[in-house]
Amino acid sequence: MDFNLTEERQMLQDTLRRYLSDKYTTATRNTILESETGMSADIWAGLAELGVIGALFTEEEGGFGGAGFDITTVFEELGRAGVVEPMLETAVLGGRLLAALGNDSQTALIEEVIGGGLHLAFAHGEPTSRYDLNRVATEAKVSGGDIVLNGRKAVVANAEAAGYLIVSAREGGAVDDEAGISLFLVPAGTSGVTLRGYPLFAGGRAAEVTLDEVRLPASARLGAAGAAYGAIAGAVAAANVALAAEALGAMVTATELTRGYLMTRQQFGRPIGSFQALQHRFSDLLIELEQARSAVINAAGHLSDPVAERDRQIAAARNLIGRAGRLVAEEAIQMHGGIAMTQEYELAHIAKRIVMTDHRFGDTDYHLERFIALSAA
Amino acid sequence: MDLSYSPAEQAFREEVRAFLRDELPAALSDKVRSGAELGKADIEQWHAILNGRGWLAANWPKEYGGAEWNAVQRHIFEEEAAQANAPRIVPFGLSMLAPVLMKFGNQAQKDYYLPRILNGDDWWCQGYSEPGAGSDLASLKTRAVREGDHYIVNGQKTWTTLGQHANKIFCLVRTNPDVKQQEGISFLLIDMDTPGIEVRPIILLDGTPEVNEVFFDNVKVPAENLVGEENKGWTYAKYLLTHERTNIAGVGFSQAGLDALKRIARVEMSGGRPLIENPHFAARMAKVEIDLMAMATTNLRIISQAASGQAPGVESSMLKVKGTIIRQEINDLTRRAVGPYALPFPSEALAGNNDPIGPDYAAPLSAEYFNNRKLSIFGGSNEIQRGIIAKVKMGG
Ligand SMILES: Cc1cc2nc3c(=O)[nH]c(=O)nc-3n(C[C@H](O)[C@H](O)[C@H](O)COP(=O)(O)OP(=O)(O)OC[C@H]3O[C@@H](n4cnc5c(N)ncnc54)[C@H](O)[C@@H]3O)c2cc1C
Ligand SMILES: Cc1cc2nc3c(=O)[nH]c(=O)nc-3n(C[C@H](O)[C@H](O)[C@H](O)COP(=O)(O)OP(=O)(O)OC[C@H]3O[C@@H](n4cnc5c(N)ncnc54)[C@H](O)[C@@H]3O)c2cc1C
């Protein structure tokens with residue numbers, strides 16, 4: 001047992017924390033939130049230069065990390081600073097899908113991703129699929145030598161910035177079969193693809209994607225026809241580890257802000273942190289935070305396990321983080337009083353990041369059900 | 001014990017229902033249902049419609065043009081109005097200031113201000129809180145110094161809800177800094193147009209400009225705008241707060257919220273089946289519904305105990321704590337119910353000329369969840385309420 005970060009990861013954590021505390025101030029971030037693209041090209045280039053994107057890929061893939069603990073090291077820091085740039089979409093989801101299924105020319109794109117020059121988006125969820133990964137109604141039909149896509153994709157994060165959409169579509173099986181799902185690399189601007197973009201409540205942007213007779217060459221397929229589910233589940237597992245770590249980082253910041261405020265805000269002639277009613281609740285947050293950190297460690301440490309155990313650990317982590325996250329977000333706001341209700345105060349953004357995590361790749365209840373099912377198996 | 005409504009009460013409910021069906025403009029209820037922001041004109045329109053029927057001032061005595069409803073009637077109206085997606089009645093003039101004026105104001109103030117509140121001539125806002133005086137309201141510093149027949153006011157109020165619409169503000173000001181805090185406070189009525197007043201919006205975390213900061217720089221206020229006696233303002237302020245806390249349970253809002261939640265859960269799909277059939281979600285909904293059923297009866301028990309016109313005591317603190325927890329829980333579940341469609345930012349999702357993003361009910365839900373965190377903070381935070389309960393019950 002060793003609960004310390006390796007020297008490399010410790011360095012990554014230190015550099016990233018320093019970079020973000022210098023460059024990603026509340027004011028800067030609030031400007032990014034209001035901007036048209038919902039992200040900063042400078043910050044993205046800066047993160048690439050620091051090697052943050054490369055840390056999310058293995059050496060074989062051209063990076064220098066790629067393991068569960070690399071993901072958690074990066075995403076805890078992104079979460080602490082409330083970063084809204086699409087690291088999850090481009091590097092974790094997009095990058096992992098390319099790495100898992102791509103042929104040589106497709107995986108060559110990873111170099112561009114690591115360099116910061118290419119964004120990706122995973123267009124998978126559909127208007128009524130909710131969190132089910134297996135539920136894909138979008139169709140892919142072979143027509144001549146080409147492939148034709150028809151369907152709708154919902155809340156596709158980072159779709160507008162992406163050089164390629166990685167679109168899932170069904171080439172066989174029933175609407176909720178795992179078998180029969182394929183992935184396609186769809187270059188931005190392909191005819192028949194319509195994006196309706198919008199900002200997200202907790203920062204960043206997404207789009208509703210309509211695919212209307214989208215014609216692609218057969219070479220656009222990632223991997224074998226109908227066999228993408230395993231890679232999708234793998235990339236989403238990594239994304240869930242990232243989301244859990246991001247929420248943990250945000251919870252750390254929420255708790256630190258609360259601690260500072262409890263010690264300085266004066267009411268009734270003394271710091272409000274001197275009221276035991278608040279002290280105990282603050283202590284509960286710290287207790288939950290330790291539990292949350294352990295859950296993230298469990299998930300990251302099992303990311304390379306056989307699928308069933310991997311997914312059971314991840315479901316456990318996301319369920320615990322979902323519960324602890326809601327508690328931390330709500331209690332931090334409550335213990336601040338009115339000030340936490342204002343948009344320009346850091347906690348407002350941080351609390352939104354925490355709560356909105358629970359709407360991506362499964363909420364607290366979804367992961368509870370997954371955990372029950374996987375534990376019974 | 002009899003849990004049923006009397007025939008007269010049932011008839012009253014029918015009357016309210018018919019009124020809402022006939023008189024509540026669809027344009028307003030659509031806005032409320034979809035969570036769109038209500039403008040000043042919207043609220044004024046609804047106030048005017050209610051006033052036309054004599055129902056705007058539910059708790060005012062008839063002699064002042066009120067409906068003089070008893071607690072059960074008020075409860076029935078609140079339930080039906082919430083169910084019909086009627087706009088909320090803005091309480092600052094009607095249920096905060098007016099009771100204070102009726103009890104402590106002089107004849108001239110009653111004659112002048114009360115009809116103007118009913119007619120919508122004045123929009124009042126509440127100038128209690130300051131940056132340094134939140135829960136510890138009595139520590140307020142905004143200073144009013146008597147000079148001849150005027151007070152000169154300097155200082156700052158904050159969190160002033162809908163102050164951007166208001167032409168009047170009732171303020172707690174410090175008139176004597178040399179005595180015990182509570183004994184040096186006065187209750188002053190101030191015209192927002194007076195030179196030296198500046199209103200700055202505060203954007204809340206859901207992006208709405210709901211509250212404001214109000215700055216006072218040598219603002220001249222006629223001495224006749226003092227309510228009651230100088231330095232007795234704390235008594236009036238506390239009287240007002242007990243009125244602020246009636247309907248604090250928000251049972252009507254919770255019931256309407258729960259109904260909306262069920263409608264959504266019937267059409268949202270989870271694992272290929274309606275969400276309402278998902279056992280975990282169904283269990284969460286059931287628990288909050290069970291709490292709400294008991295809350296509705298607790299609320300009725302407490303309000304029917306309090307003699308008409310008299311505000312309930314420590315029980316209103318209990319209603320506030322539990323009522324806000326229930327409302328916030330319903331907001332949480334409704335946000336969860338829509339899955340990934342809780343993620344889009346609402347003002348985009350609501351942009352009038354576009355189709356909604358995702359199902360039309362989804363857009364405002366995250367914003368409402370976050371906005372309603374205020375329920376346990378304002379009107380005396382839930383911690384302050386718990387402190388009051390313990391103090392009263394243990395004589396501390
Ligand atoms: C099964 C059992 C085994 C035990 N074994 C041992 C043992 O081996 N050796 C030993 O020395 N003692 C032992 N104890 C005693 C134990 O340490 C005391 O019960 C404990 O310290 C609490 O003291 P008390 O019972 O007098 O309760 P009190 O101190 O009177 O407390 C009563 C209640 O008030 C709360 N309270 C007290 N002070 C505060 C405060 N400042 N803020 C908020 N809440 C407060 C407490 O949490 C409790 O709920 C044992 C007790 C039990 C029940
Ligand atoms: C959306 C919104 C609208 C509002 N509208 C108005 C308005 O129109 N007019 C107006 O005058 N005010 C308004 N308020 C202000 C509101 O009344 C205050 O926010 C409230 O009184 C709390 O004060 P505070 O925000 O300064 O928090 P603080 O008093 O600083 O409290 C911070 C935290 O400490 C806790 N705390 C404080 N004292 C104690 C104690 N003794 N024991 C235990 N815990 C304690 C509180 O419960 C809270 O959790 C509004 C507030 C909000 C958020």
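The values are calculated or read from the model by the stated rules, or taken from the named source; none is laboratory data. All figures in this text were calculated on a predicted structure; none of them were measured in a lab. FYI the Cβ positions are ideal-geometry reconstructions off the backbone, even for glycines, and counts take in every protein chain you see. Calculation scope for accessible area: heavy atoms of the full protein, side chains included, ligands and nucleic acids excluded. Shrake-Rupley method; radii C 1.70, N 1.55, O 1.52, S 1.80 Å.
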Taking only the Cα atoms of chain A, how large is their convex hull per residue, in Å³?
137 Å³
For chain A, modelled as a Gaussian network with Cα springs under 10 Å, which listed residue fluctuates most, A:Ala81, A:Ala108, A:Ala238?
A:Ala108
In peptide A:273-286, what is the residue-averaged number of other protein chain Cβ atoms found within 10 Å of each Cβ?
1
Between A and B, buried accessible area summed over both sides at probe 1.4 Å, in Å² to the nearest 100?
4300 Å²
Among A:Ala45, A:Ala299, A:Ala237: highest mean-square fluctuation, GNM of chain A, C-alpha pairs under 10 Å:
A:Ala45
Given region A:249-374 reduced to its alpha-carbon atoms as identical point scatterers, what log10 I(q)/I(0) does the Debye formula return at q = 0.13, 0.17 Å⁻¹?
-0.57, -0.85
Quickly work out the B:Thr242-to-B:His280 label distance, labels modelled 7 Å from Cα along the C-beta direction, and quote it in nm with one decimal.
4.7 nm
Tally Lys/Arg at +1 and Asp/Glu at -1 over every other residue whose Cβ is under 11 Å from the Cβ of B:Phe370; what's the total?
0
What nm value, rounded to one decimal, do you get for the distance between A:Ala233 and A:Glu309 when each label is placed 7 Å out toward the C-beta?
1.6 nm
The percentage of the accessible area of the protein assembly as shown (probe 1.4 Å, all protein chains present) made up of carbon and sulfur atoms, to the nearest whole number, is 52 percent
List the residues of region A:101-140 that lose 10 Å² or more of accessible area once all protein chains are present, compared with their chain alone (1.4 Å probe, heavy atoms only, no ligands or nucleic acids).
A:Pro127, A:Thr128, A:Arg130, A:Tyr131, A:Asp132, A:Arg135
Could you work out how far helix A:307-336 tilts from the main Cα principal axis of chain A, as a 0 to 90 degree angle to the nearest 10?
40 degrees
Kindly give Rg over Rh for chain B, based on alpha-carbon atoms, with the Kirkwood expression for the hydrodynamic radius.
0.97
Using the per-residue mean of other Cβ atoms lying within 10 Å as a proxy for protection, in what order, highest first, do the peptides A:33-41, B:379-387 fall?
B:379-387, A:33-41
Region A:7-119 - Rg over Rh from alpha carbon coordinates, Kirkwood radius:
0.97
Hey, if you put +1 on the Cβ of every Lys and Arg and -1 on every Asp and Glu Cβ in the protein assembly as shown, which of B:Tyr151, A:Ser105, B:Ala8 ends up farthest toward the positive end of that dipole?
B:Ala8
Rough spin-label spacing in nm, given labels placed 7 Å along Cα→Cβ, for A:Ala188 and B:Asn231
7.1 nm
On average, how many beta carbons from a partner chain sit within 10 Å of the beta carbon of a residue in B:203-210?
4
Sketch the reach of a paramagnetic label on A:Lys141 as a point 7 Å from Cα along Cα-to-Cβ, and name the residues of region A:170-185 whose backbone nitrogen lies under 15 Å away.
A:170-172
Cross-link partners among aspartates and glutamates for B:Lys110, C-alpha distance below 13 Å, same-chain residues fewer than 8 apart left out?
B:Glu63, B:Glu224
By the mean-Cβ-within-10 Å protection proxy, highest first, A:111-124, B:285-298 rank as A:111-124, B:285-298
Only Lys, Arg, Asp and Glu count, each charged at its Cβ (+1, +1, -1, -1), so figure out the dipole size of the protein assembly as shown about its Cα centre, rounded to 20 debye.
2080 debye
Cross-link pairs A:Lys141/A:Lys352; B:Lys40/B:Lys320; A:Lys23/A:Lys352; B:Lys232/B:Lys391; A:Lys153/B:Lys322 - those with Cα-Cα distance over 31 Å:
A:Lys141/A:Lys352; A:Lys153/B:Lys322
log₁₀ I(q)/I(0) of region B:7-89 at q = 0.19, 0.24, 0.25 Å⁻¹, via Debye over equal Cα point scatterers, no solvent, to two decimals?
-0.84, -1.24, -1.31
Gain in length, B:Glu14 to B:Lys220, computed as 0.36 nm per residue apart minus the alpha-carbon separation, to one decimal in nm?
69.2 nm
Among B:Gly65, B:Ala342, B:Val321, the residue whose Cα sits farthest towards the positive end of the charge dipole of chain B, when +1 is placed on the Cβ of each Lys and Arg and -1 on the Cβ of each Asp and Glu, is B:Val321
Once Rh for the protein assembly as shown is found with the Kirkwood sum over Cα pairs, what is the Stokes-Einstein diffusion coefficient at 25 °C and 0.890 mPa s, in µm²/s?
87 µm²/s
So if R0 is 41 Å, what FRET efficiency would A:Glu256 and B:Glu63 give, r being the distance between their Cβ atoms, rounded to the nearest 0.05?
0.10
Roughly how big is region B:88-176's charge dipole about its Cα centre, with Cβ charges of +1 (Lys, Arg) and -1 (Asp, Glu), in debye to the nearest 20?
140 debye
Please report, in debye to the nearest 20, how large the charge dipole of region A:121-226 is about its Cα centre when each Lys and Arg carries +1 at its beta carbon and each Asp and Glu carries -1 there.
220 debye
